[in-house]
1. So which of ALA139, ALA157, ALA184 ends up being at pLDDT 95 or above and more than 17 Å from the chain's Cα centre (by Cα)?
2. Does segment 200-229 hold any residues that are part of a strand (DSSP E or B) and either within 12 Å of VAL273 (Cα to Cα) or open to solvent by less than 10 Å² (accessible area, probe 1.4 Å) (or both), and which are they?
3. Is segment 94-101 home to any residue that is modelled with pLDDT of 95 or more and open to solvent by 50 Å² or more (accessible area, probe 1.4 Å)?
4. Across segment 310-338, what is the number of residues that are within 12 Å of the ligand (Cβ to nearest atom) and either of a type in the set (Ser, Thr, Tyr) or in contact with a helix residue (DSSP H, G or I) (Cβ under 6 Å, 6 or more places away or on another chain) (or both)?
5. So CYS82 ticks every box in (1) open to solvent by 50 Å² or more (accessible area, probe 1.4 Å); (2) over 25 Å from GLN135 (Cα atoms); (3) assigned to a loop (DSSP other than H, G, I, E, B); (4) touching a residue at least 12 places away in the same chain (Cβ under 8 Å) but one. Which box is left unticked?
6. For ALA279, are the conditions met, namely being in contact with a strand residue (DSSP E or B) (Cβ under 7 Å, 6 or more places away or on another chain), part of a loop (DSSP other than H, G, I, E, B) and either within 9 Å of the ligand (Cβ to nearest atom) or more than 25 Å from ALA397 (Cα to Cα) (or both)?
7. Scan segment 353-362 residue by residue and report those that are open to solvent by less than 60 Å² (accessible area, probe 1.4 Å) and either near the ligand (Cβ under 10 Å from one of its atoms) or within 25 Å of the chain's Cα centre (by Cα) (or both).
8. Residues of segment 339-352 being near the ligand (Cβ under 9 Å from one of its atoms) and within 29 Å of the chain's Cα centre (by Cα), which ones?
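The values are calculated or read from the model by the stated rules, or taken from the named source; none is laboratory data. As the structure is a prediction and not an experimental result, all values here were calculated from the model. Methodologically, a virtual Cβ is constructed for each residue, glycine included, from the backbone with ideal geometry; neighbour enumeration extends over all protein chains shown. Note: accessible area is taken over every heavy atom of the protein model, side chains too, but ligands, DNA and RNA are not part of it. Shrake-Rupley method; radii C 1.70, N 1.55, O 1.52, S 1.80 Å.
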Amino acid sequence: MTLSGKHILLVISGGIAAYKSLDLIRRLKERGAKVTPVMTAGAQEFVTPLAVGALSATHVFTELFSRQDEQDVGHIRLARDCDLVLVAPATANLMAKMTHGLADDLASTVLLATDKPILIAPAMNPKMWSASATQRNIATLKNDGIHFIGPMAGEMAEKGEGGTGRMAEPLQIVEAVAVLFDTAPKPLAGKTAIVTSGPTHEPIDPVRYIANRSSGRQGHAIAAALARLGAKVTLVSGPVTIPDPTGVTTVHVERAEEMRDAVIGRLPADIAVFVAAVADWRVATASDQKIKKQPGDAPPALKLTENPDILKTVGHHEKRPTLVIGFAAETQDVENNGRAKLERKGADMIIANDVSPETGVMGGLRNQVKLISKDGVEAWPDMGKDEVADRLAAMIAEKLA
Ligand code: CTP
């Protein structure tokens, strides 16, 4: 979605994540938004107004009592002459000030004076995030209608510390902004969906696993597209390197059995789309110690056992969703194999794609699919995975209408 014509007041507060705000400004402008930055004193310790202004190509506001700025626009107009106030990063301190309505600098004053929606991207040490005071503030801010993106889990700038507290990545923030501006109709409002995505990792021993080349791009795109049409989406994702989509609840799993439990545990649902490239087999008994080479010994023989078929289980489940859609990754005889899977798995539709290496589908950005149902086969031209996702979501909405 384009942000063309949208004016975003970007409040940058003082955390190390402020360096990501520079990229955020670029990304917002790439989408066509106008960005006016406001920096706290703390923010200026991490990035300079010069760098921020060079990227925004607008004046950077820093002072509440600036005679020049007050004459030109004034803090009240600054707070209102925009379509959205975005706070990134939002520190624990600024969130506390917002909670209590403090207005002792330009950033907090603007946040109190604005009548526009506010979206905040918190960033702080995980202990500060989980502190009772911060948690109370979050509850109040959410109750006040403040929108949140993140924070995410992961490694912190502080050495050796991990947990929830990282600021969302700039592209995730841009996506959250786009969602707020999205006024498109929501034909899937009130519907729930489960989507599986990515590969599974099946352990051989504590350091080795069986995996496949799935990137999760198609499944993640479908989850996001369903959410954009208003569905309440749970994405059950195997290990991937792409970010969690916005507007979706993402559950991270490693193994096929964990994926099955996560999916079954979230039934009932109206829609289920199985995009994950689930490993068909796992090692029968994974070693709990690293398997060592023994001089003179033959390589270990891995005894495999079949993994649960999640789609087939759900396709025949007593809580079967109204619409069950599977994918079929094939390297030959795509249509016939797809049709056989439709039957066997109890699906309403199988989306078959050719994943031969020369197609570049597995791990790539594009896909060419055939939709196989009892009504016949519909072949879609080659297109981006995002477009496949949007068209599929629209088709699902039509079927459930
Ligand atoms: N699937 C699943 N659980 C499995 C295997 C597959 O839920 N253990 C789902 C996939 O997410 C996909 C569909 O079933 O939606 C078909 O997956 P695919 O790998 O193409 O088919 P398989 O059943 O594994 O059959 P084969 O390997 O023989 O092609």
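1. After ruling out the rest, the residue left standing is ALA139.
2. Listed by number, the residues that qualify are GLU202, ASP205.
3. Yes - at least one qualifying residue is present in segment 94-101.
4. Residues that pass the stated criteria total 10.
5. Exception for CYS82: condition (1).
6. yes
7. ASN353, VAL355, GLY360, VAL361
8. Once the filter is applied, which keeps residues that are near the ligand (Cβ under 9 Å from one of its atoms) and within 29 Å of the chain's Cα centre (by Cα), segment 339-352 yields LYS345, ALA347, ILE350, ILE351, ALA352.
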